[in-house]
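Peer 1: First the structure, which I've put down as structure tokens, then a few questions once you've had a look.
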Amino acid sequence: GFWNVIFGKYLYANDGVNIIRIDLSAAQAKEEVIVADAVGFIDGQHIYYVDQKTNHLYRCKMDGSEPRLLVEHPVLPASLNFDDEYFYYRLFDGMPVDQGEGCHDIYRILKADPSKIDKIATLPDPAYTVYTVPGTGKIFVTSCVLSNGEDNDLYVMNTDGSALTRVEIPDY
């Protein structure tokens with residue numbers, strides 16, 4: 001699995017097809033599918049996931065109950081991340097990932113009120129992965145390796161999208 005986390009007595013993971021959990025206190029470890037046909041992140045309160053059939057973004061309780069559609073537009077699973085207050089992502093209109101509507105834009109959802117969605121930044125390059133750094137008020141975003149072969153770049157910004165800056169990484 002990947003994006004593995006432990007909350008309470010459960011290990012949560014993505015197994016490539018489903019979001020699963022394992023009761024670590026059980027005499028026999030057994031995988032339990034919490035959300036089928038999905039990939040996502042668990043923040044300890046909710047599971048935020050992309051349905052692999054529609055690529056729409058959902059949120060449910062930690063046991064998989066009460067799924068709620070958050071974004072009725074395809075979302076790039078590689079772009080998902082969160083901090084204490086927000087959940088971040090970019091849109092996805094299919095392959096190649098460096099093309100299509102919204103591929104340059106970073107959005108955030110207020111976790112306390114998921115109906116509040118803001119487009120916080122538009123990068124000069126197509127966005128790929130969002131990284132959060134707790135306690136810094138910053139997020140980092142890598143751009144896609146472009147279909148024309150150009151390398152990806154790294155950007156840093158405040159969590160509200162302000163002060164967008166390309167990070168210069170020296171060659172070694």
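Peer 1: Scan V50, V33 and give me the residue that is assigned to a strand (DSSP E or B) and open to solvent by less than 60 Å² (accessible area, probe 1.4 Å).
Peer 2: From the options V50, V33, the qualifying one is V50.
Peer 1: Among the residues of the stretch 10-30, which ones are within 21 Å of K53 (Cβ to Cβ) and surrounded by fewer than 15 Cβ atoms within 10 Å (Cβ to Cβ)?
Peer 2: D15, G16, V17 - these are the residues of the stretch 10-30 that are within 21 Å of K53 (Cβ to Cβ) and surrounded by fewer than 15 Cβ atoms within 10 Å (Cβ to Cβ).
Peer 1: Considering only residues that are open to solvent by less than 40 Å² (accessible area, probe 1.4 Å), in a loop (DSSP other than H, G, I, E, B) and either modelled with pLDDT under 90 or closer than 15 Å to I139 by Cβ (or both), which ones fall in the stretch 85-96?
Peer 2: Those that are open to solvent by less than 40 Å² (accessible area, probe 1.4 Å), in a loop (DSSP other than H, G, I, E, B) and either modelled with pLDDT under 90 or closer than 15 Å to I139 by Cβ (or both): R90, G94.
Peer 1: Would you point out which residue out of R90, R68, R166 is of a type in the set (D, E, K, R) and within 15 Å of the chain's Cα centre (by Cα)?
Peer 2: Just a single option satisfies the conditions, and that option is R90.
Peer 1: I need the strands (runs of 3 or more DSSP E) fully contained in the stretch 97-143, keeping only those with at least 1 residues that are among the polar types (S, T, N, Q) and either at positive phi or surrounded by fewer than 16 Cβ atoms within 10 Å (Cβ to Cβ) (or both).
Peer 2: Answer list for the stretch 97-143: 117-122.
Peer 1: Can you name the residue in the stretch 97-151 that is within 18 Å of V71 (Cβ to Cβ) and among the charged types (D, E, K, R) and, of all such residues, is modelled with the lowest pLDDT?
Peer 2: E101
Peer 1: For the stretch 16-23, state whether one or more residues are touching a Pro at 6+ places or on another chain (Cβ under 8 Å) and either in contact (Cβ under 8 Å) with a residue 60 or more places away in the chain or of a type outside the set (F, W, Y) (or both).
Peer 2: no
Peer 1: Taking the stretch 53-73, which residues are open to solvent by less than 40 Å² (accessible area, probe 1.4 Å), outside any loop (DSSP other than H, G, I, E, B) and either hydrophobic (A, V, I, L, M, F, W, C) or modelled with pLDDT under 95 (or both)?
Peer 2: Of everything in the stretch 53-73, those that are open to solvent by less than 40 Å² (accessible area, probe 1.4 Å), outside any loop (DSSP other than H, G, I, E, B) and either hydrophobic (A, V, I, L, M, F, W, C) or modelled with pLDDT under 95 (or both) turn out to be L57, C60, L70, V71.
Peer 1: Consider V97 carefully, then state whether it is under 25 Å from P134 (Cβ atoms), out of contact with any Gly (no Cβ under 8 Å at 6 or more places or on another chain) and not polar (S, T, N, Q).
Peer 2: The answer is no for V97.
The values are calculated or read from the model by the stated rules, or taken from the named source; none is laboratory data. Here the structure is a predicted model, which means the values were calculated and not measured. Here the Cβ is made from the backbone with ideal geometry for all residues, glycine too, and neighbour counts use every protein chain on show. These accessible areas exclude ligands, DNA and RNA; they are computed on the full protein's heavy atoms, side chains included. Shrake-Rupley method; radii C 1.70, N 1.55, O 1.52, S 1.80 Å.
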